[in-house]
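A.B. asks: This is the structure I want to talk about, given as structure tokens.
The values are calculated or read from the model by the stated rules, or taken from the named source; none is laboratory data. Source: prediction; values computed, not measured. A quick note on method: Cβ atoms are made from the backbone with ideal geometry, for glycine too, and the neighbour counts reach across all protein chains shown. When the accessible area is computed, the model is the full protein with side chains, heavy atoms only, and any ligands, DNA or RNA have been set aside. Shrake-Rupley method; radii C 1.70, N 1.55, O 1.52, S 1.80 Å.
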Amino acid sequence: MAQGENSLSHPASRRSFIKGLAAAGAGLTALPRWSFAEDSAAANANAAIDWKQFAGQTIALSGAIHPWSNAIAPLLPEFTILTGINVTVDFQLETTYLGALPIRLARGSSTPDVFMFTTYGQGISNGWLEPLNGYYSMKSLTDPAWYDESDLLKTARAFPLWSDGERYAVPITSEAMTLFINRDALAARDQPVPQTFDELLVTAKAVKTNAMSGIAMRAQAGGNSSPPAMGFVFSYGGAMVEHNRVAFASPEAIAAVEIYGQLLSQAGPAGVGSYEWYHVLDDFLQGRTAMAIDSSNFATDISNPAKGRVAKQAGFATFPHLAGRGPVPFMSHWQACINSKSRNKRAAFLFLLWATSKATSLQTAAAGLATTRVSAWSSEGFKKAFGPQAAEAALTNLQNADVDRAKAILFHPQSRPILDAFMIGVNEVVNGAKSAKDAMTGAAERANAAIRG
């Protein structure tokens, strides 16, 4: 990606980017100017917290191999120096981790103490997650002025709230589905950056060649592949869950899945029915696809010449929309939770505060992590590592997202079987096995049966 270029779909200057940050979170008039480790230590020293109160304890941290785990791991020695708390880590491939963690929690294990988590509703309904509001109110643990929740993005403030106002998690990353463009591939066919879904289909078909697909997106028949397709459903006016019933057999959702299938069957790569996020990313990195839609967090890899071949010609744009409607990309925040069976809950909470503080977030942002902090998003370190155009596109997509529709499915106690059923249906459409109407009707029936138990 060429540094400093404006957004492909929403031309904007640095001034408009800062304006967007203010709309997404808090004012930027008092942004910190610390310089990483030394200044982080100084900032933490200013907190009205006894950092050494749990010195000698050890907490176990588990998670997926992910930009957050990659960014936080090198900083763990700083946390130990600050607090005297040792941290052991266990980071696994995402699919392995997400499959193994619920089994471990269901057995009542006291470890891990802290873990990355996505199936919020399942964790709360099963009593796996420690309620956190009480910890935030403890003066010995929290300094509200130092932590400054007003600096969090609006979506990050809203995301962890359960229906009763309790919080069971702390958001650690921010991401939204984003359109990635190989500018050279589009220019070779004189194609503009698509704005609508119809334009996306036209462009994808026009730029497809024997050596390059027009577009790549996830289509594997499993819930982990659902985020891009859910953005299509939301943007068509549909929902995944409404009133504790699956809603993706609606006319809106069927139309969304139909064009998703058309895009991948007519302009996608060979074997796209087996594609997960890493296939999509690899195809784009290696110049095997002209466009892709997936997580905004891919930007750090895409913009890194050492990771692929497209850094100079890569561009980032807002999620497409249906003519006459605004785009509603799927968004999410990876969250970190405390094990309700942990023997080190207060030490674990202290870790979460440190890991998501302003000072730590500035450091992880400089490594390219899309954190939850306005101050980190606006920092020069983040824009250099992530790319200013990618940051602007990601922020726009976060602003356009519907937190409530995302939470309705992500926080549902049966989110996993619902998402699995949905993607089995999407996969059937992509592979041409069924029409969108038949596939989504059958998928909704299976998912509603799972809800009924």
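A.B. asks: Is the range 194-201 home to any residue that is part of a loop (DSSP other than H, G, I, E, B) and farther than 23 Å from Leu410 by Cβ?
C.D. replies: Scanning the range 194-201 turns up at least one residue that is part of a loop (DSSP other than H, G, I, E, B) and farther than 23 Å from Leu410 by Cβ.
A.B. asks: Okay, next question. For the range 122-144, give me the residue count where each residue is assigned to a loop (DSSP other than H, G, I, E, B), of a type in the set (A, V, I, L, M) and under 28 Å from Gln414 (Cα atoms).
C.D. replies: Looking only at that region, the number is 1.
A.B. asks: Among the residues of the range 388-410, how many are more than 28 Å from Thr300 (Cβ to Cβ) and open to solvent by less than 50 Å² (accessible area, probe 1.4 Å)?
C.D. replies: Qualifying residue count for the region: 1.
A.B. asks: Scan the range 227-242 and give yes if some residue there is among the small types (Gly, Ala, Ser), part of a loop (DSSP other than H, G, I, E, B) and touching a residue at least 60 places away in the same chain (Cβ under 8 Å), otherwise no.
C.D. replies: Yes, the range 227-242 contains at least one residue that is among the small types (Gly, Ala, Ser), part of a loop (DSSP other than H, G, I, E, B) and touching a residue at least 60 places away in the same chain (Cβ under 8 Å).
A.B. asks: Which one of Thr364, Thr371 is in a helix (DSSP H, G or I), among the polar types (S, T, N, Q) and buried (at least 24 other Cβ atoms within 10 Å of the Cβ)?
C.D. replies: Thr364
A.B. asks: Among the numbered criteria (1) modelled with pLDDT of 95 or more; (2) hydroxyl-bearing (Ser, Thr, Tyr); (3) closer than 26 Å to Gly231 by Cα, which one does Ser361 miss?
C.D. replies: Ser361 satisfies every listed condition except (3).
A.B. asks: In addition: Sort through Asn224, Asn210 and tell me the only one that's part of a loop (DSSP other than H, G, I, E, B) and among the polar types (S, T, N, Q).
C.D. replies: One residue alone meets the criteria, Asn210.
A.B. asks: Does Thr88 fit the bill of being of a type outside the set (Phe, Trp, Tyr), at pLDDT below 95 and within 25 Å of the chain's Cα centre (by Cα)?
C.D. replies: no
A.B. asks: Sticking with this structure for a sec: Mind telling me which of the residues Gly273, Gly324, Gly315, Gly268 ends up being farther than 17 Å from Ala390 by Cβ, surrounded by 24 or more Cβ atoms within 10 Å (Cβ to Cβ) and either out of contact with any strand residue (DSSP E or B) (no Cβ under 9 Å at 6 or more places or on another chain) or of a type outside the set (Phe, Trp, Tyr) (or both)?
C.D. replies: Gly268
A.B. asks: A further question on this structure: Scan the range 146-157 residue by residue and report those that are surrounded by 15 or more Cβ atoms within 10 Å (Cβ to Cβ) and either outside any loop (DSSP other than H, G, I, E, B) or free of Cβ contacts under 8 Å to residues at least 12 places away in the same chain (or both).
C.D. replies: Trp146, Tyr147, Asp151, Leu152, Lys154, Thr155, Ala156, Arg157 - these are the residues of the range 146-157 that are surrounded by 15 or more Cβ atoms within 10 Å (Cβ to Cβ) and either outside any loop (DSSP other than H, G, I, E, B) or free of Cβ contacts under 8 Å to residues at least 12 places away in the same chain (or both).
A.B. asks: Is the range 379-399 home to any residue that is closer than 26 Å to Asp294 by Cβ, touching a Ser or Thr at 6+ places or on another chain (Cβ under 6 Å) and of a type in the set (Asp, Glu)?
C.D. replies: There is at least one residue in the range 379-399 that is closer than 26 Å to Asp294 by Cβ, touching a Ser or Thr at 6+ places or on another chain (Cβ under 6 Å) and of a type in the set (Asp, Glu).
A.B. asks: Here is a further query. Within the range 107-119, how many residues turn out to be farther than 17 Å from Arg346 by Cβ and over 25 Å from the mean Cα position of the chain (by Cα)?
C.D. replies: Looking only at that region, the number is 3.
A.B. asks: It is to be established whether one or more residues within the range 82-92 are farther than 26 Å from Ser40 by Cα and without any contact (Cβ under 8 Å) to a residue 40 or more places away in the chain.
C.D. replies: yes
A.B. asks: Taking the range 28-75 only, how many residues are within 20 Å of Phe386 (Cα to Cα), modelled with pLDDT under 85 and either open to solvent by 70 Å² or more (accessible area, probe 1.4 Å) or assigned to a strand (DSSP E or B) (or both)?
C.D. replies: Of the residues in that region, 3 qualify.
A.B. asks: Also, quick follow-up: Kindly indicate which of Asp143, Asp184, Asp190, Asp198 is open to solvent by 10 Å² or more (accessible area, probe 1.4 Å), out of contact with any Ser or Thr (no Cβ under 9 Å at 6 or more places or on another chain) and under 21 Å from Arg325 (Cα atoms).
C.D. replies: Asp198
A.B. asks: Looking only at residues that are part of a helix (DSSP H, G or I) and of a type in the set (Asp, Glu) in the range 397-422, which one is nearest to Ala450 (Cα to Cα)?
C.D. replies: My answer is Asp420.
A.B. asks: Could you check how many residues of the range 100-121 are touching a residue at least 60 places away in the same chain (Cβ under 8 Å), surrounded by fewer than 22 Cβ atoms within 10 Å (Cβ to Cβ) and in a helix (DSSP H, G or I)?
C.D. replies: Qualifying residue count for the region: 1.
A.B. asks: Could you list, ordered by first residue, the pairs with Cβ atoms under 7 Å in which the first is in the range 341-355 and in a helix (DSSP H, G or I) and the second is open to solvent by 10 Å² or more (accessible area, probe 1.4 Å) and among the acidic types (Asp, Glu), at least 6 apart or interchain?
C.D. replies: Short answer, once both residue conditions are applied: Lys345/Glu130.
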